[in-house]
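Undergrad: This structure is in C-alpha cells; I'll ask about it shortly.
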Amino acid sequence: MKIDINNMTMETARDGLRAGDFTSVELTQAYLTDLPEKNAEMNAYLEIFDDAIEQAKIADQMIASGDATDLTGIPMAIKDNILIKDRKASAASKILSNYVATYDSTVGAKLREAGAVIIGRTNMDEFAMGSSTENSAFGRTMNPIDTQRVPGGSSGGSAAAVAMHGAVYALGSDTGGSIRQPASFCGLVGLYPTYGAVSRYGLMAMSSSLDQIGPFTKTVADAEIVHDAIAGYDPMDATSVPEKTRNENELKQIEPKKIGVPRAIINHPGVLDSVRADFENSLKKLADLGYEIIDIELPSYEMALPTYYIIMPAEASSNLSRYDGTRFGVRQPGKDLLETYMKSRGDGFGAEVRRRIMLGTYVLSAGYYDAYYNKATSVRALIADEFKKAFEIVDAIATPTTPTGAWKAGEMSDPIAMYAADLFTVPANLAGIPAISIPSGADNNNMPLGLHLMASYWDEKTLFHIGKQFQGNK
Ligand code: GLN
C-alpha cells in the first residue's frame with residue numbers, strides 16, 4: 001500500500017497500523033526517506049535520531065501482541081528542551097550544546113511506554129525565548145509554507161517538522177504562546193493545556209508558573225489524542241494536579257453554546273485588518289454552527305503583555321542560574337570561579353537570553369521588587385479573576401491567535417515589536433487556562449492565520465468539541 005504522508009494524521013496512521021495496512025517500520029521509513037533533504041532546507045530538526053527504525057520494530061511487536069496505544073508506532077518529533085534519557089537536549093543553546101540527558105522527562109517516558117517513534121529533536125528559540133525561532137544558536141528554522149518567512153516560535157522546529165510532513169505530530173512547550181503561535185504561522189493545530197495538566201518534570205524550566213507541554217497536529221481530533229496520552233498526575237512535578245481535582249472539574253462539563261469575544265482587544269491598533277477580517281469570518285462560521293456569539297469585557301487583558309514580560313523574565317532569570325558552566329554543559333574556564341561563571345554564561349547564552357536575565361534580575365532586585373514583580377503578580381490575579389467571571393457567562397472565549405501572519409526572517413529586529421506578537425496568547429498562560437489555535441484562513445501574503453479559543457480550567461473538551469466542529473468533523 002502506498003503511504004501518503006502528506007495527508008497522514010494520527011487517526012489515519014493509527015487506523016492503518018491497526019488494520020495492518022502498513023507496519024510502523026514502513027510508516028517510519030516513509031517519513032525518513034526524504035527527511036534529510038527536507039531538513040537541509042527547513043532546519044526543523046537539530047538531530048534526526050539514527051534508531052527510529054529500531055523504535056518502529058519495537059512498536060510493531062507491541063501492535064502484534066495487542067499492546068498498542070493511540071501513539072504506538074507513529075513517528076513524531078520532540079522539542080529540544082524536553083529530556084529523553086541518553087539523548088542530547090540543548091534547548092538550542094550553545095551553553096548546552098554538549099549536554100546529554102541523564103534521565104527521562106515524564107512526557108518522554110510516557111512516549112516510550114506508549115511505543116511512540118521519536119524521530120528527532122527540533123529547533124527552537126534558545127531556552128524557548130522568542131516568537132520566530134531566529135534566536136536558536138543553531139540557525140533559524142524556515143516556514144515550510146514560505147521559506148523566506150519565520151515559522152513562529154519558540155517551538156518553530158516542531159511546527160515546521162509537522163508542516164513539512166516530517167512527522168505525524170510534534171510536542172512543544174508553551175509559556176506565552178510558543179505552541180499556539182507557531183501552529184498558527186504554519187497552518188497547524190496547537191494546544192496549551194490547563195496549567196498542571198501535563199507534567200513539567202524533565203522539561204527545561206523557562207518560567208515555571210507558565211510552562212506546559214502540548215501538541216502540534218494537523219487536526220483537532222489528533223490534538224485531543226496526543227493530549228490525552230501525555231496528560232496525567234505526576235508526583236515528580238509539585239505543580240501537577242491530582243486526578244481527583246481534574247475529574248471533579250471535568251464532570252461539570254456541559255455542551256458549549258456561548259462564545260465570548262473581547263472586542264476591545266481585537267480592535268487593538270497592532271492587529272492587522274486582514275487578521276480582523278479572517279476573525280470575523282471565523283465568528284460567522286461559529287454562528288452558522290449554532291453558537292451564540294457574545295461581546296464580553298476583559299478590562300485587564302491589555303495589561304497581560306507587560307505583566308507577562310515581568311513575570312517570565314523574573315522566573316527565567318532564576319531558573320537559568322543553574323547554567324553556570326559547572327553543573328551542566330559547556331565550561332569556559334577562568335582564573336577563578338567568578339570568571340568561569342562570567343565567561344561560560346557570557347559566551348554560552350545568546351543576546352535574547354542575556355537580555356531576559358538582566359530584565360529578570362532587575363525586576364527582582366530589592367529596590368524594584370514591589371514596583372514590578374509584586375505589581376505584576378497582582379495584575380495576574382486580576383486577569384485570572386476576570387476570566388473566571390467571564391466563564392460564568394460564556395463557555396469559550398475567541399480571539400485571533402496572532403495580531404499578524406508570519407513575517408519575513410530578519411524583519412523583526414526590535415525585540416519589543418517581537419514581544420507584541422504574543423498579545424493574544426499570554427493571557428491564557430497567566431491565568432493557567434487551556435487554549436487552542438486552529439487554522440482559520442490566510443493573511444494578505446497568503447500565510448496561514450489561526451482562531452484562538454480559550455476555555456475554563458480543565459475544560460479542554462470544550463475546545464476540542466468546538467474545534468472539531470470548526471474543522472468540519474463532529
Ligand atoms: N514568545 C514568547 C516569549 O518569547 C513565548 C515563549 C514561550 O511560550 N516559550 O516569551
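Undergrad: Please report, in debye to the nearest 20, how large the charge dipole of segment 363-405 is about its Cα centre when each Lys and Arg carries +1 at its beta carbon and each Asp and Glu carries -1 there.
TA: Its charge dipole is roughly 120 debye.
Undergrad: If you bin every alpha carbon distance in segment 1-47 into 5 Å steps from zero, what whole percent lands in each bin?
TA: Final binned percentages: 5, 21, 27, 20, 14, 10, 3.
Undergrad: Among Ile179, Gly190, Gly139, whose Cα sits farthest toward the positive end of the charge dipole of segment 122-191 (+1 at Cβ of Lys/Arg, -1 at Cβ of Asp/Glu, about the Cα centre)?
TA: So the residue furthest toward the plus end is Gly190.
Undergrad: Quick one: of Lys38/Lys79; Lys388/Lys468; Lys218/Lys461; Lys79/Lys461; Lys79/Lys389, which pairs are farther than 27 Å apart, Cα to Cα?
TA: Exceeds cut-off: Lys79/Lys389.
Undergrad: Per residue of segment 79-87, in order, report the coupling 6.51 cos²θ - 1.76 cosθ + 1.60 (Karplus, θ = phi - 60°) as ³J(HN,Hα) in whole Hz, putting x for Gly and Pro.
TA: Once rounded to whole Hz, the list reads 5, 6, 10, 10, 6, 10, 3, 6, 10.
Undergrad: Alpha carbons only, please: Rg and Dmax for segment 280-386, in angstrom.
TA: Final numbers for Rg and Dmax: 21.0, 70 Å.
Undergrad: What is the local net charge at Val226, summed over the other residues whose Cβ is closer than 14 Å to its Cβ (Lys, Arg +1; Asp, Glu -1)?
TA: Counting the neighbours of Val226, the net charge comes to -3.
Undergrad: I need the per residue convex hull volume for segment 9-74, using only the alpha carbons, in cubic angstrom as a whole number.
TA: Convex hull of Cα atoms, per residue: 84 Å³.
Undergrad: Over the chain, what is the mean sequence separation of C-alpha contacts under 8 Å (at least six apart), divided by residue count, expressed as relative contact order in percent?
TA: Result for the chain is 17 percent.
Undergrad: Hey, can you grab everything whose amide H is under 5 Å from the amide H of Leu449? Only 5+ residues off in sequence or another chain; H modelled, so Pro and N-termini drop out.
TA: Hits under the 5 Å cutoff: Ser440, Gly441, Ala442, Asp443.
Undergrad: Taking the Cα centre as origin and putting +1 on Lys and Arg beta-carbons and -1 on Asp and Glu beta-carbons, what dipole magnitude results for segment 72-199, to the nearest 20 debye?
TA: Rounded to the nearest 20 debye, it is 160 debye.
Undergrad: Can you give the log10 of the normalised intensity I(q)/I(0) at q = 0.13 Å⁻¹, computed with Debye over equal Cα scatterers of the chain?
TA: -1.19
Undergrad: Ignoring ligands, DNA and RNA, what percent of the accessible area of the chain is carbon or sulfur (1.4 Å)?
TA: 53
Undergrad: Taking θ = phi - 60°, what integer Hz values does the Karplus form 6.51 cos²θ - 1.76 cosθ + 1.60 yield along segment 59-75, in sequence order, with x for Gly and Pro?
TA: Each residue's phi maps through the Karplus curve to give 4, 4, 5, 4, 5, 4, 8, x, 9, 6, 10, 5, 9, 4, x, 9, x Hz.
Undergrad: Based on alpha-carbon positions alone, could you give the equivalent ellipsoid semi-axes of segment 262-342 from the gyration tensor, as √(5λ), descending, whole Å?
TA: 48, 14, 12
Undergrad: Here's another thing I want to ask about it. Using 0.36 nm per residue, how much length does the chain from Tyr233 to Thr361 gain when fully extended, once their Cα-Cα distance is taken away?
TA: 42.8 nm
Undergrad: Here's something else I'd like to know. In sequence order, what are the phi-derived ³J(HN,Hα) couplings for segment 205-214 according to the Karplus relation 6.51 cos²θ - 1.76 cosθ + 1.60 with θ = phi - 60°, rounded to whole Hz, with x for glycine and proline?
TA: 3J(HN,Hα) across segment 205-214, in whole Hz: 6, 9, 10, 4, 7, 10, 5, 8, 9, x.
Undergrad: Taking only protein heavy atoms and a 1.4 Å probe, what accessible area per residue, in Å², does segment 360-474 have with all protein chains in place?
TA: Averaged over the residues of segment 360-474, the accessible area is 38 Å².
Undergrad: Per residue, how large is the accessible surface of segment 171-317? Use a 1.4 angstrom probe and give square angstrom.
TA: With all protein chains present, segment 171-317 gives 35 Å² per residue.
Undergrad: Hey, another quick one. Quote the charge dipole size of the chain about the Cα centre in Debye, to the nearest 20; the model charges only the Cβ of Lys and Arg (+1) and of Asp and Glu (-1).
TA: Computed charge dipole of the chain: roughly 740 debye.
Undergrad: Can I ask one more? Sorted by average packing, counted as other Cβ atoms within 10 angstrom per residue and highest first, what order do 154-160, 356-362 take?
TA: Ranking, from highest mean packing down: 154-160, 356-362.
Undergrad: Could I ask something else about it? Run the numbers on segment 86-171 and let me know its relative contact order in percent, using alpha-carbon pairs under 8 Å that are six or more apart.
TA: Computed value for segment 86-171: 23 percent relative contact order.
Undergrad: From Cα coordinates alone, what are the radius of gyration and Dmax values for segment 213-309 in angstrom?
TA: When restricted to Cα atoms, segment 213-309 yields Rg and Dmax of 17.7, 47 Å.
Undergrad: Same structure, new question: Could you sort the peptides 394-406, 277-289, 331-343 by per-residue average Cβ neighbour count (10 Å cutoff), highest mean leading?
TA: 394-406, 277-289, 331-343
Undergrad: Ok, one more. 5 Å is the cut-off here: which amide hydrogens, built 1.01 Å from N in the peptide plane, fall below it relative to Tyr169, excluding neighbours closer than 5 in sequence?
TA: The answer is Ala77.
Undergrad: Taking 0.36 nm per residue of separation and subtracting the Cα-Cα distance, what length does fully extending Ala351 through Glu243 add?
TA: Difference between extended and current length: 34.8 nm.
Undergrad: What does the helix-only formula give at 222 nm for the chain: each DSSP H stretch with n ≥ 4 adding -39500 (n - 2.57), the total divided by the residues, and the result rounded to the nearest 500 deg cm²/dmol?
TA: Value at 222 nm, helices only, nearest 500: -11500 deg cm²/dmol.
Undergrad: I want the local charge near Pro448. Using Cβ-Cβ distances under 11 Å, sum +1 for each Lys or Arg and -1 for each Asp or Glu among the other residues.
TA: My count for the surroundings of Pro448 gives -2.
Undergrad: Ignoring ligands, DNA and RNA, how do Ile294, Ile95 rank by accessible area with a 1.4 Å probe, largest first?
TA: Ile294, Ile95
The values are calculated or read from the model by the stated rules, or taken from the named source; none is laboratory data. For clarity, every value in this text was computed on a predicted model and none was experimentally measured. Every residue, glycine as well, gets a Cβ built from its backbone with ideal geometry; the counts of neighbours run over all protein chains shown. What goes into the accessible areas is simple: the full protein's heavy atoms, side chains included, and nothing from ligands, DNA or RNA. Shrake-Rupley method; radii C 1.70, N 1.55, O 1.52, S 1.80 Å.
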